[in-house]
1. State whether the residues of region 104-113 include one that is modelled with pLDDT of 95 or more and closer than 22 Å to L141 by Cα.
2. D174 is checked against (1) in a loop (DSSP other than H, G, I, E, B); (2) touching a residue at least 60 places away in the same chain (Cβ under 8 Å) and fails just one. What number does that condition carry?
3. Give the residues of region 86-102 that are away from the ligand (no atom under 15 Å from the Cβ) and part of a loop (DSSP other than H, G, I, E, B), sorted by residue number.
4. If A65 passes every condition in (1) touching a residue at least 24 places away in the same chain (Cβ under 8 Å); (2) more than 17 Å from K150 (Cα to Cα); (3) surrounded by fewer than 18 Cβ atoms within 10 Å (Cβ to Cβ) but one, which one does it miss?
5. Of all residues in region 55-85, how many are within 24 Å of I129 (Cβ to Cβ), assigned to a loop (DSSP other than H, G, I, E, B) and more than 9 Å from the ligand (Cβ to nearest atom)?
6. If you go through region 249-292, how many residues are touching a Leu at 6+ places or on another chain (Cβ under 8 Å), open to solvent by less than 10 Å² (accessible area, probe 1.4 Å), within 19 Å of I129 (Cα to Cα) and within 15 Å of the ligand (Cβ to nearest atom)?
7. So for region 297-311 (the condition being assigned by TED's automatic domain parsing to the domain that holds M142 and within 16 Å of the chain's Cα centre (by Cα)), does at least one residue qualify?
8. Which one of these is open to solvent by 10 Å² or more (accessible area, probe 1.4 Å), of a type in the set (F, W, Y) and within 12 Å of the ligand (Cβ to nearest atom): Y110, Y48, Y126, Y145?
Amino acid sequence: MSPFRTVRGMRDFLPKEAEKMRYVEQVTRDLAQLYGYREVITPIVESYDLLAAKSGEEIRKRMYAFEDLGGRRVALRPEFTASIARLIATKMRNEPKPMRLFCVGSLYRYDEPQYGRFREFWQANYELIGSTKPEADAEILMLTYDLMEKLGLRNYWLKIGHVGIIRGILAQEDVKKEQQNMVMQLLDKKQWDEALTAARELGVSQRCVTTLKNVFKIRGKDVSQVLKKTEENVRDYESAVAAVENLREITELTRKSNAKFEMLVEAGFARGLEYYTGMIFEPYVPEMNIALSGGGRYDKLIELFGGEPTPAVGVAQGMDRLALAVKKQKFSPKIPEGKRVVIIPIGEKLRARVLELSLALRGVGIPVEVEVMGRTVSKALQDADRRNVTHAVIVGSEELKENKVVLRDMKKREQKTVKIRNLSQEILKT
Ligand code: HAM
């Protein structure tokens with residue numbers, strides 16, 4: 001036994017798993033194209049300060065941070081949004097808005113490994129930059145709905161909130177941003193009582209404590225009802241009322257788009273990242289109690305990185321969790337099955353001929369594997385069966401004299417002799 005194994009929290013993707021992951025990736029790429037998001041590729045290693053700026057305490061303390069050999073403080077990216085905001089603040093500063101950017105790749109967080117939580121994981125990330133309008137938020141929600149549909153997921157819902165509700169209340173009580181963050185982090189962990197205690201300790205009024213207490217309890221799938229109730233409760237807090245109104249516009253627009261999915265509005269909903277300024281959301285399926293993806297509006301981040309004031313909204317689709325959800329709902333994605341051919345020589349003398357034929361078939365786009373183990377035809381065919389090969393080409397000297405080979409249809413278990421010049425057509429038509 002080799003003493004080497006993967007590092008804790010890291011995974012190998014063997015061919016079947018890799019195929020599933022790449023399938024999810026392909027669906028996310030197709031979606032990016034459908035919505036007009038253009039791909040950018042950013043580095044895995046970024047400056048620690050950039051990544052730490054507004055990522056939130058939870059992510060900050062779990063970053064793979066180190067000093068490189070040049071003495072720079074760097075980290076492996078725990079998410080894409082900071083890198084995108086850096087791009088907009090620097091190299092893409094003068095691009096006309098709106099900008100729709102897509103990126104996909106691996107991210108790193110020193111999380112405790114458990115179901116759906118890894119130290120290296122994958123996201124497909126979409127950012128819509130330059131618009132403050134609710135239709136931009138609605139687009140990100142619709143795109144997420146579309147992805148769930150395209151992956152064939154069922155019974156999912158989007159949990160939706162707005163950070164402006166709680167932050168608006170706290171700001172009016174003169175609670176500073178950093179102190180608000182503490183309360184938001186506790187809410188992110190669903191520690192409502194602790195969040196209330198924290199707010200109390202920050203010296204907020206009794207009216208505020210009562211309002212927060214009520215607001216933390218408001219959630220439900222009847223969107224207009226929930227928003228109405230929230231608005232009634234926060235009516236003394238002007239910007240919290242504006243946040244509810246904004247959420248109303250976003251959800252109504254989304255509803256009218258005909259995107260048919262369930263929304264669960266939660267008035268006290270918070271997400272770990274500190275850069276959010278508006279609507280936030282996460283999709284769920286009943287089989288898993290972890291968010292499949294996460295997103296929201298962040299209107300101040302680009303400015304913080306030295307760019308022009310630029311509003312933005314986006315989402316990171318968690319590819320590992322989406323693949324798990326597909327598996328949990330017990331269906332295999334329809335990965336299109338193509339032709340898969342093996343070529344087997346009868347005897348070593350025909351090895352060169354087989355290599356030549358393989359090159360010719362690949363030349364017309366047919367995937368070919370050559371028998372390289374020196375096995376007999378029957379052994380090689382047994383192996384081909386095991387690997388779901390669609391066709392076997394058996395090359396023997398008798399047939400070759402007439403420029404022919406034997407073509408075997410592995411599924412039907414039928415074979416016939418065909419002219420070499422007709423071989424690719426014969427493979428393609430069956
Ligand atoms: P996030 O909620 O930190 O948001 O991550 C988004 C998704 O990435 C999660 O819902 C989950 O599917 C996946 N994910 C996160 N951590 C792990 C992990 N340890 N193992 C497996 N999957 C994980 C962001 O990253 C924001 N940048 C989203 C965003 C984009 N907001 C605006 N634009």
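The values are calculated or read from the model by the stated rules, or taken from the named source; none is laboratory data. Keep in mind it's a predicted model, so treat the numbers as computed, not measured. For neighbour counting, all protein chains shown are included, and Cβ atoms are generated from backbone atoms with ideal geometry for every residue, glycine included. The protein model used for the area step is the full one, side chains on, heavy atoms only, and it has no ligands, DNA or RNA in it. Shrake-Rupley method; radii C 1.70, N 1.55, O 1.52, S 1.80 Å.
1. yes
2. Going through the list (1) in a loop (DSSP other than H, G, I, E, B); (2) touching a residue at least 60 places away in the same chain (Cβ under 8 Å), D174 breaks only (2).
3. If the condition is that a residue be away from the ligand (no atom under 15 Å from the Cβ) and part of a loop (DSSP other than H, G, I, E, B), then T90, K91, M92, R93, N94, E95, P96, K97 are the ones that fit.
4. Here A65 meets the rest and fails (1).
5. Summing the residues that are within 24 Å of I129 (Cβ to Cβ), assigned to a loop (DSSP other than H, G, I, E, B) and more than 9 Å from the ligand (Cβ to nearest atom) in region 55-85 gives 1.
6. 3
7. Among the residues of region 297-311, not one is assigned by TED's automatic domain parsing to the domain that holds M142 and within 16 Å of the chain's Cα centre (by Cα), which makes the answer no.
8. Selected residue: Y110, the only one of Y110, Y48, Y126, Y145 that is open to solvent by 10 Å² or more (accessible area, probe 1.4 Å), of a type in the set (F, W, Y) and within 12 Å of the ligand (Cβ to nearest atom).
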